[in-house]
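No lab work stands behind these numbers, since they all come straight from the coordinates. Here the structure is a predicted model, which means the values were calculated and not measured. Here the Cβ positions follow ideal geometry from the backbone for every residue, glycine too, while neighbour counts run over all protein chains shown.
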């Protein structure tokens with residue numbers, strides 16, 4: 001087997017395995033919390049949906065891509081292609097949408113005056129409705145993807161085709177090819193712009209908070225960061241990670257829109273970088289979220305006589 005092919009295959013396999021395992025840990029942790037009767041906070045609800053979306057990104061793109069790189073042909077039929085491509089489009093859209101929602105939610109949480117209409121996003125009822133709306137709108141927006149998807153056929157690849165390796169997404173002409181590309185890019189940029197705006201607001205609040213407590217910190221010589229402040233910093237790291245890989249992904253994507261025949265190596269690079277966020281974000285989430293780690297250590301929690309003490313039974 002060619003060394004380049006081996007490197008690509010191992011890279012996709014490692015990325016998919018690590019990301020699926022990490023997102024699976026997050027989901028299992030939240031299931032344990034629900035089974036133990038722990039209350040799910042708004043951030044927990046968003047993170048659980050984000051972990052599921054990121055896992056779907058890896059399973060619907062990373063797994064078939066790995067199989068294709070290692071030379072497994074006819075992995076899917078036409079209906080399988082349509083299902084996988086549609087599921088991947090939805091999962092990818094959910095990933096950016098939920099990361100955006102997480103940053104907005106955190107900005108509202110640490111806002112000094114978070115009363116009024118915008119405060120309702122913190123209520124579980126309204127947050128659940130927001131997540132349901134995000135699911136429905138992304139399912140509707142991505143509905144066109146399956147109609148252009150089919151199993152690769154032998155021979156030359158037609159123009160204006162996205163070669164996914166295991167599937168081809170064929171567009172009838174250059175206009176529909178470009179419109180589809182810019183529509184997806186515009187949607188993603190809209191969410192990223194809102195995400196960056198919320199993150200800038202968080203940074204502004206944290207800067208003002210740091211100046212306000214500087215004297216207290218010198219006097220007490222201890223940590224004065226609240227739980228909300230620490231959570232805000234964790235969200236900023238997550239947003240920063242997404243923006244980096246989003247930028248790389250879309251630079252490659254815009255380049256792909258300018259040519260009729262896209263080389264397979266370019267497609268492989270885009271697949272890898274577009275999946276990096278889904279693969280690496282669980283590492284940040286697990287490392288910074290004590291509740292998730294506690295949920296893993298204590299899948300069966302029983303409360304003792306003290307209301308603040310829990311005993312773990314594995």
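A simple spin-label model places pseudo-atoms 7 Å from Cα toward Cβ; at residue 10 and residue 290 they are separated by 4.0 nm. Highest average first, the peptides 165-172, 31-38, 86-93 ordered by how many other beta carbon atoms sit within 10 Å of their residues are 86-93, 165-172, 31-38. If R0 equals 45 Å, the separation of the Cβ atoms of residue 207 and residue 264 corresponds to a calculated FRET efficiency of about 0.45.
The stretch between residue 196 and residue 73 holds 40.1 nm of extra length on full extension. This uses 0.36 nm per residue minus the Cα-Cα distance.
Going by how many other beta carbons lie within 10 Å of each one, how would you line up 283, 184, fewest first?
Values: 283 13, 184 18.
Least crowded to most crowded, the residues run 283, 184.
Using a/c under 1.5 as the rounded threshold, could you call region 1-156 rounded, prolate or oblate? The axes a ≥ b ≥ c are square roots of the C-alpha gyration tensor eigenvalues, and prolate needs a/b larger than b/c, oblate otherwise. It is prolate, given that a/c is not under 1.5 and a/b is the larger ratio.
Per-residue extension of 0.36 nm, minus the Cα-Cα distance of residue 254 and residue 133, leaves a gain of 40.7 nm for this segment.
Among 146-152, 63-69, 200-206, how do they line up from the highest to the lowest mean number of other beta-carbon atoms within 10 Å? Can you show the working numbers first?
Values: 146-152: 18.6, 63-69: 21.9, 200-206: 16.1.
Ranking the peptides 146-152, 63-69, 200-206 by packing returns 63-69, 146-152, 200-206.
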